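The values are calculated or read from the model by the stated rules, or taken from the named source; none is laboratory data. The structure displayed is predicted, hence computed values, not measured ones. Glycine also receives a Cβ, built like all others from the backbone with ideal geometry; neighbour counts cover every protein chain displayed.
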Amino acid sequence: MASLLAAAAPARGQSPDTLQLEQVTVTAVKQGGDLDRMPVSATTINRTDAERNDVTGVKTAASLVPNLHLPNYGSAMTSTIYIRGIGTRIDQPAVGLNIDNIPILTKENYDFNIPDISRVEVLRGPQSTLFGRNTMGGVVNIYTLSPFNYTGTRVIGRGAFDGSHRLGASHYARIRHNLGLAVTAAYDYKKGHHHNTHTGNRIGNERQFNTRLRLEWRPDRQWQISNTLSVGHTRQNGYPYASAQTGQVAYNDTCFYRRTSLLEGLTLSYTTDRLRLTAFTSYQYLNDNMTLDQDFTAEPYFTLTQARREHAVTGEIVLKPISDKPLQWNAGVFAFYRHANMDAPVTFKDTGIRELIENHVNSATPNYPVVWDTRQFLLGSRFRMPTFGTAAYARANYQWKRFNFEAALRIDYERATLHYHSETHTGYTTLNMHAGGAPLAHENININDSGTLHKDFFQVLPKLSVTYNITDRNTLYAIISRGGKSGGFNTQMFSDVLQQRLMNTMGIGVRYDVDRIVGYRPERAWNFELGAHLNLFDNRLKINPAAFLMDTRDRQLTIFPDGTTTGRVMANAGHTRSAGVELDLTAHPWSGATLNTSYGFVDARFVEYNDNRADYRNRIVPYAPRHTLFGQILQDFTVNQYPTHLYLEVNVRAAGPIYWNEDNTAMQRFYALLGASITVSTPKYSFQLWGQNLTETRYNTFYFVSIGHAFVQRANGISAGVTIRVNI
């Protein structure tokens with residue numbers, strides 16, 4: 001159950017500035033052991049590789065992991081994780097995130113920088129049995145540096161030649177022999193690579209500040225207590241969505257995203273000779289605002305603001321008896337409560353009123369056209385969203401000769417509530433063209449709706465596996481597991497419900513059943529997997545292959561509902577099947593050389609999906625790449641009698657093809673990005689010259705269609721710079 005960050009034997013090659021660790025740190029509380037011996041397809045990124053590849057969070061780690069894709073588009077709120085062909089653009093994620101064993105409940109809080117990462121674990125395939133909600137595709141566990149593993153001061157300066165830069169400092173101290181303190185702070189500025197040709201402004205700039213205070217106390221051999229308080233703030237101006245026809249970003253209204261977040265996590269661990277009891281509790285706060293020109297054109301159609309304030313608490317207790325018997329087990333209980341308030345107004349403007357309302361009415365009744373009272377009006381939507389969930393789970397492992405048999409079960413209950421209030425107050429005048437366009441009648445529109453919706457979700461999530469130990473470091477495994485992703489409500493759909501009701505009063509539009517169109521059910525998947533963990537040729541070659549088949553029911557898909565609408569809706573619209581392979585490989589082919597490779601392939605297709613416009617059976621599921629590849633060669637030119645190290649590194653990151661729609665008519669072809677770095681380091685200092693996308697490959701990170709217009713986001717071009725690290 002304890003996991004050691006072994007500086008002398010890093011997971012993927014030798015570090016240019018390795019920190020020697022003093023003792024074992026308890027981290028992997030639930031998994032129960034070394035991932036290289038467990039029945040799971042997993043990638044581990046140690047601190048050395050995290051620093052070398054500038055891994056500061058989930059987004060920057062994704063390209064190193066097979067079949068994991070987190071595109072950089074829109075803002076820190078909109079990017080979505082895709083894994084093994086599953087994932088959705090909005091609402092509930094398919095991959096969970098834990099930071100120092102604390103689950104992050106809100107997907108919008110996934111994309112932020114985490115100073116001093118000591119290890120990243122990416123577990124692929126359903127992890128719902130142990131990790132619960134929204135880990136149907138996998139889970140990312142991030143662990144940060146502990147003052148019991150390192151003491152001293154660390155400083156980082158990273159600058160790119162385009163003006164982007166990062167500054168960070170951290171201090172780790174032992175106040176007493178059993179009391180440790182860590183303080184970190186980091187500021188990150190990213191310069192936008194795009195311009196809004198309509199306004200002349202640069203867009204895509206991002207500023208991010210993060211700070212963390214960690215206190216650890218080990219009063220005796222039985223108790224370990226850790227408390228972490230982290231605060232972050234992000235501000236972005238965007239979104240850099242360009243017309244697919246012209247290639248130009250050109251819109252007239254303001255776009256930005258702002259987020260302030262706080263995470264307070266407390267961990268208590270009590271260990272005796274017979275058991276280990278661990279408790280986690282957290283308080284999470286999120287305050288964000290997304291404001292955008294929703295049509296992304298130079299015409300005044302409509303704007304959207306989504307401002308939210310959320311409070312959440314979590315609690316979990318894990319019990320594991322300690323014995324040397326063949327039967328090992330652990331069990332836990334988990335509960336959470338979230339309460340969010342959201343204000344999401346949509347402002348209709350002149351072109352939107354004319355094109356989406358007036359023209360539709362007037363084409364049906366040309367002799368009696370309508371003219372709106374004002375050239376701008378508001379569709380207001382406000383929400384209160386309390387959500388409660390609880391779960392109990394147990395896992396048992398039995399060892400018999402060379403076999404390990406594992407069974408696990410989780411029972412999960414969740415209740416989601418939505419209190420909504422939608423209103424609009426506007427009006428129009430009907431003209432009589434038979435009388436030369438004279439006013440015929442005036443109609444006031446006053447819609448003021450409110451209500452409460454409830455949804456209860458109950459899931460039983462089993463897992464069975466068998467592992468065959470060929471040798472102490474070589475294993476084969478097979479898994480059958482079930483994963484689940486939470487259901488919920490489409491808050492972004494209420495402006496469309498309100499718009500359609502407004503239009504329905506004029507004899508056009510679609511009347512929605514609010515409960516049906518707003519709510520959606522949990523997504524469910526069965527996963528069948530075969531894999532191995534192999535260490536060959538005296539640990540000079542490490543291979544982790546896996547093959548899987550995932551059958552997903554009640555697939556949550558982002559669709560555009562019938563009618564003249566402005567937004568999206570999450571619906572249980574499909575049955576999909578994903579089949580693929582994954583490979584992690586680390587080799588030391590000659591002295592001082594390390595080769596790292598990760599490759600993933602997935603064929604994710606619709607088994608059943610018909611949106612009443614087309615049948616998409618056997619089409620490829622959009623947004624998830626069919627191939628992902630990361631390759632890296634590192635050469636250490638160290639001369640043993642000198643303390644200075646010289647490292648040369650070349651890498652390639654590749655993905656694709658990526659289909660952008662269900663009918664597979666739009667796509668991003670397979671692309672590859674070349675990177676390289678030169679690092680000179682001593683025990684206290686390191687200097688790295690790095691470059692990314694050195695061939696300046698052009699590709700798109702996103703594609704969508706809004707009110708008949710197609711948009712793309714172009715990826716950033718070549719980037720290069722220097723990184724300086726100081727350990728004092």
For this session: Within segment 427-454, track down each residue that is farther than 30 Å from I517 by Cα and not β-branched (V, I, T).
Result: L431, N432, M433, H434, A435, G436, G437, A438, P439, L440, A441, H442
Exercise. Which fully enclosed strands (runs of 3 or more DSSP E) of segment 682-728 have 2 or more residues being closer than 20 Å to S164 by Cα and among the polar types (S, T, N, Q)?
Worked result: 685-692, 719-727
Seminar exercise, completed: Flagged pairs (Cβ under 6 angstrom, 6 or more apart or on separate chains; first in segment 76-87, within 16 Å of D111 (Cβ to Cβ); second outside any loop (DSSP other than H, G, I, E, B) and not polar (S, T, N, Q)) are M77/E108; M77/Y257; M77/M290; I81/V95; Y82/H69; I83/L68; I83/V95; I83/G138
For this session: List the number of the failed condition for R714; all other conditions in (1) in contact with a strand residue (DSSP E or B) (Cβ under 7 Å, 6 or more places away or on another chain); (2) closer than 30 Å to H575 by Cα hold.
Result: (2)
Exercise. T679: closer than 30 Å to T297 by Cβ, at pLDDT 90 or above and not hydrophobic (A, V, I, L, M, F, W, C), yes or no?
Worked result: no
For this session: Using the structure shown, decide if T628 is modelled with pLDDT under 90, surrounded by 14 or more Cβ atoms within 10 Å (Cβ to Cβ) and touching a His at 6+ places or on another chain (Cβ under 7 Å).
Result: no
For this session: Tell me which residues, restricted to segment 608-625, are crowded, with 16+ Cβ neighbours inside 10 Å, within 18 Å of S578 (Cβ to Cβ) and charged (D, E, K, R).
Result: R619
Exercise. Does at least one position in segment 609-618 carry a residue that is of a type in the set (K, R) and touching a residue at least 12 places away in the same chain (Cβ under 8 Å)?
Worked result: no
Seminar exercise, completed: Scanning segment 143-164 residue by residue, those without any contact (Cβ under 8 Å) to a residue 40 or more places away in the chain and surrounded by 15 or more Cβ atoms within 10 Å (Cβ to Cβ) turn out to be T151
Exercise. For segment 476-495, how many residues meet the condition of being assigned to a strand (DSSP E or B) and either surrounded by fewer than 22 Cβ atoms within 10 Å (Cβ to Cβ) or under 26 Å from the mean Cα position of the chain (by Cα) (or both)?
Worked result: 11
Problem set entry | Any strands (runs of 3 or more DSSP E) falling wholly within segment 165-250 and containing at least 2 residues that are hydroxyl-bearing (S, T, Y) | 165-176, 179-190, 223-237
For this session: Tell me which residues, restricted to segment 593-604, are surrounded by fewer than 17 Cβ atoms within 10 Å (Cβ to Cβ) and more than 22 Å from the chain's Cα centre (by Cα).
Result: A593
Problem set entry | Count of residues meeting criterion [assigned to a strand (DSSP E or B) and either within 30 Å of N544 (Cα to Cα) or touching a strand residue (DSSP E or B) at 6+ places or on another chain (Cβ under 7 Å) (or both)] in segment 596-630 | 18
Problem set entry | Hey, G32 of a type in the set (G, A, S), assigned to a loop (DSSP other than H, G, I, E, B) and either modelled with pLDDT of 90 or more or surrounded by fewer than 20 Cβ atoms within 10 Å (Cβ to Cβ) (or both) or not | yes
Exercise. Given the conditions (1) hydrophobic (A, V, I, L, M, F, W, C); (2) modelled with pLDDT of 95 or more; (3) more than 22 Å from V155 (Cα to Cα), and given that L213 satisfies all but one, which numbered condition is not satisfied?
Worked result: (3)
Seminar exercise, completed: Conditions (1) within 32 Å of the chain's Cα centre (by Cα); (2) over 30 Å from V313 (Cβ atoms); (3) not hydroxyl-bearing (S, T, Y) -> V361 fails only (1)
Problem set entry | Hits in segment 334-367 - residues which are of a type in the set (S, T, Y) and modelled with pLDDT of 90 or more | Y337, T347, T351
Problem set entry | Subset of segment 91-104 [modelled with pLDDT under 90 and either out of contact with any Ser or Thr (no Cβ under 8 Å at 6 or more places or on another chain) or surrounded by 23 or more Cβ atoms within 10 Å (Cβ to Cβ) (or both)] | D91, P93, A94
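The rows are residues; the columns are (1) without any contact (Cβ under 8 Å) to a residue 60 or more places away in the chain; (2) surrounded by fewer than 16 Cβ atoms within 10 Å (Cβ to Cβ); (3) assigned to a strand (DSSP E or B); (4) hydrophobic (A, V, I, L, M, F, W, C).
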site	(1), (2), (3), (4)
L263	no, no, yes, yes
S269	no, no, yes, no
F280	no, no, yes, yes
D288	no, no, yes, no
A298	no, no, no, yes
For this session: Quick one: in segment 631-681, of everything that is in a loop (DSSP other than H, G, I, E, B) and in contact with a Gly (Cβ under 9 Å, 6 or more places away or on another chain), which residue is surrounded by the fewest Cβ atoms within 10 Å (Cβ to Cβ)?
Result: R669
Seminar exercise, completed: When every residue in segment 682-709 that is touching a strand residue (DSSP E or B) at 6+ places or on another chain (Cβ under 8 Å) and small (G, A, S) is compared, the one surrounded by the fewest Cβ atoms within 10 Å (Cβ to Cβ) is G691
Exercise. Within the set of pairs 6 or more residues apart or between chains, which connect a residue that is touching a residue at least 12 places away in the same chain (Cβ under 8 Å) and surrounded by fewer than 19 Cβ atoms within 10 Å (Cβ to Cβ) inside segment 330-358 to a residue that is of a type in the set (F, W, Y) and not in a strand (DSSP E or B) with Cβ atoms less than 6 Å apart?
Worked result: T351/Y301
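Yes/no matrix, rows are residues, columns are (1) buried (at least 17 other Cβ atoms within 10 Å of the Cβ); (2) touching a helix residue (DSSP H, G or I) at 6+ places or on another chain (Cβ under 7 Å); (3) at negative phi; (4) at pLDDT 95 or above:
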{"site": "E523", "(1), (2), (3), (4)": "yes, no, yes, no"}
{"site": "L530", "(1), (2), (3), (4)": "no, no, yes, yes"}
{"site": "L536", "(1), (2), (3), (4)": "no, no, yes, no"}
{"site": "L549", "(1), (2), (3), (4)": "no, no, yes, yes"}
{"site": "T552", "(1), (2), (3), (4)": "yes, no, yes, no"}
{"site": "R555", "(1), (2), (3), (4)": "yes, no, yes, no"}
{"site": "T566", "(1), (2), (3), (4)": "yes, yes, yes, no"}
{"site": "M570", "(1), (2), (3), (4)": "yes, no, yes, no"}
{"site": "A579", "(1), (2), (3), (4)": "yes, no, yes, yes"}
For this session: Can you give me the number of residues within segment 581-595 that are part of a loop (DSSP other than H, G, I, E, B) and either polar (S, T, N, Q) or touching a helix residue (DSSP H, G or I) at 6+ places or on another chain (Cβ under 8 Å) (or both)?
Result: 1
Seminar exercise, completed: The number of residues in segment 213-229 that are over 33 Å from the mean Cα position of the chain (by Cα) and charged (D, E, K, R) is 3
Seminar exercise, completed: Across segment 239-261, the tally of residues that are under 19 Å from the mean Cα position of the chain (by Cα) and surrounded by 17 or more Cβ atoms within 10 Å (Cβ to Cβ) stands at 5
For this session: Can you confirm whether segment 310-328 contains a residue that is closer than 30 Å to L105 by Cα, in contact with a helix residue (DSSP H, G or I) (Cβ under 6 Å, 6 or more places away or on another chain) and buried (at least 18 other Cβ atoms within 10 Å of the Cβ)?
Result: no
